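Computed from the coordinates by the stated procedures, all read-outs in this text should not be read as laboratory data. Predicted, not measured: the structure shown is a model, and the values here were computed from it. Glycine gets a Cβ as well: all are built from the backbone with ideal geometry, and neighbour counts include every protein chain shown.
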Amino acid sequence: MYLASVHTAQMMAEAEVDTATAELYGSLYEKGRMAGEKACFNGDYYTEINSNTGASYGNGSEIDMLLGQWWSTQLGLGDIYDSAHRDKAAGELFTNNYRDNLLGDAPHSGYNYSHQFRQYILETDGGLQMIAWPHDDQPSNTPLYYDELMSGFDARHDHLRARLEAIRPPVLLQHG
């Protein structure tokens, strides 16, 4: 979201013919894009840098990893991320975060208990888990609700599907 905002500021400065400001924001945007790719793309999907303070998902596959790209696309600003990385990350989100159900007896089930804090779907429902750790490297300071699936948020994958359609329709054809 930050990079989409910075790019928007650049475009606004260009529209106002404020060359110095446009160049400043353009430089920030390009540096941020390169630094983000280098620091956050782990070869499969985008992660965060764990600062070891507060809640962190570290190397987890997080459902909103492409939210900034979605927003940039909605605004007509183009790609933030490398297109091959972005497409790989979108596909990995289905692979890593999809749960057939919450019963623990299916290949894509994440666990064998009801969520202890708040539960938005039945144990027999499926959907995308907020954060998953496909490399078994979950940090000890994870967000409290990392294992939730919310029916209004992603049941039938409408939330993610809308993002992916805006970003790259062929991903949907490959992954459902």
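A few comments on the model shown:
- For the listed peptides 134-140, 2-8, 59-65, 19-25, a ranking on the average number of other beta carbons within 10 Å per residue, highest first, reads 59-65, 2-8, 19-25, 134-140.
- Amide H partners (placed H, <5 Å) of SER61, local residues excluded: ALA132, TRP133
- Phi angles across segment 12-27 convert, under the Karplus curve 6.51 cos²θ - 1.76 cosθ + 1.60 with θ = phi - 60°, into 3J(HN,Hα) values of 5, 5, 5, 5, 8, 6, 9, 4, 4, 5, 4, 5, 4, 5, x, 5 Hz, Gly and Pro given as x.
- Computed over all pairs of different Cα atoms, the Kirkwood value for the hydrodynamic radius of segment 50-93 is 11.8 Å.
- Amide H contacts under 5 Å for TYR98: GLN129, restricted to partners 5 or more places along the chain or on a different chain, H placed in the peptide plane at 1.01 Å from N.
- Inter-probe distance in nm under a simple model that places probes 7 Å from Cα toward Cβ, at GLU48 and GLU123: 3.0 nm
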